[in-house]
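Inspection log for the structure reproduced underneath, given as structure tokens.
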């Protein structure tokens, strides 16, 4: 460099705007920086200093260690595709200068002007060819135009513009919901339309307005979902499925399933009472029952329960002891839930 006008005590050399400056005394106008890394860019700025103050900055010089032909990065945008609520942009970045930063952006017009969205991708710390991907959020149905960009200390570059569409799914066809023997409800359908990312099985009690999410299936190949958690105290439910591509969902027709309510066993009574032989009888629980449970409690001691078949109407407790009052009741259950209990019977063998 050449010295500026006026008395100079030091020339201050600042690299990349960080750290303590290097102080060089006149008449020296040459400085060799030996603490550099190959292919990394460095920015230098000089200031003159004397006892009164410090001068303004010199022009900034950017140099790349070991790379006299340093240049801006090379960028290609290979493809763009909407997956769920994300626009994925793929491409390559090559730079002979480090560090290199890359990003992606989308717009709604091919000229890449107006309102859009951008997102930083990452930082590359070598001079290899990198295959990169950046995910950008999207919501509205339509066509998106996207490209990759990259920059290094020598400049910036942009890749080609690629387009991708977020399309509302078609209506799922042949939707059918039915109760299985274990009380669960299985729903199936067919689908022939644009790609989907998830399915949403919804239900509501007949005659109500609000839908509740029952199950979610991920992936375009899902065609069957099973509901394990509806309220067994409601007899008739409505189900439907939604085909979703991100936040865009299309519902199927609605199907009803009745006879789902679990009814309590009725008319529980004793048929004989003796130590070691308390016999009970009742009318079995109604609805899609898988099994029934006989429950016994006493004024002291542990409770007891026994599983009996769904159609069982009698049971004998062979563990009842003389002089203890026992309380019995029965309920039905399936894989989804349990019925209300029967009326209670109290006996003392």
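The values are calculated or read from the model by the stated rules, or taken from the named source; none is laboratory data. Values in this document were obtained by computation on a predicted structure and should not be read as measured data. Glycine gets a Cβ as well: all are built from the backbone with ideal geometry, and neighbour counts include every protein chain shown.
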Across the range 92-135, what is the number of residues that are in contact (Cβ under 8 Å) with a residue 40 or more places away in the chain and either touching a helix residue (DSSP H, G or I) at 6+ places or on another chain (Cβ under 9 Å) or on the phi > 0 side of the Ramachandran plot (or both)? 1
Can you tell me which condition residue 174 does not meet? The list is (1) part of a strand (DSSP E or B); (2) buried (at least 19 other Cβ atoms within 10 Å of the Cβ), and all the others hold. (2)
Residues of the range 44-69 satisfying the condition of being over 25 Å from residue 6 (Cβ atoms) and surrounded by 10 or more Cβ atoms within 10 Å (Cβ to Cβ): 62, 63, 64, 65, 66, 67
Can you name the residue in the range 87-126 that is buried (at least 20 other Cβ atoms within 10 Å of the Cβ) and assigned to a loop (DSSP other than H, G, I, E, B) and is also modelled with the highest pLDDT among such residues? 95
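Yes or no, residue by residue, for (1) under 23 Å from the mean Cα position of the chain (by Cα); (2) in contact (Cβ under 8 Å) with a residue 12 or more places away in the chain; (3) on the phi > 0 side of the Ramachandran plot; (4) surrounded by 13 or more Cβ atoms within 10 Å (Cβ to Cβ):
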site: 141; (1), (2), (3), (4): yes, yes, no, yes
site: 147; (1), (2), (3), (4): no, yes, no, yes
site: 159; (1), (2), (3), (4): no, yes, no, yes
site: 164; (1), (2), (3), (4): yes, yes, no, yes
site: 192; (1), (2), (3), (4): no, yes, no, no
Residue that is modelled with the highest pLDDT [pool: residues in the range 15-38 that are loosely packed, with under 12 Cβ neighbours inside 10 Å and outside any loop (DSSP other than H, G, I, E, B)]: 23
Identify all residues within the range 240-263 that are more than 24 Å from the chain's Cα centre (by Cα) and within 30 Å of residue 140 (Cβ to Cβ); write none if there are none. 253, 254
Taking residue 183 and the conditions (1) surrounded by 20 or more Cβ atoms within 10 Å (Cβ to Cβ); (2) at pLDDT 95 or above, which numbered condition does it fall short on, given that it satisfies the others? (2)
Residue hits (the range 276-322; free of Cβ contacts under 8 Å to residues at least 12 places away in the same chain and closer than 30 Å to residue 230 by Cβ) are 303
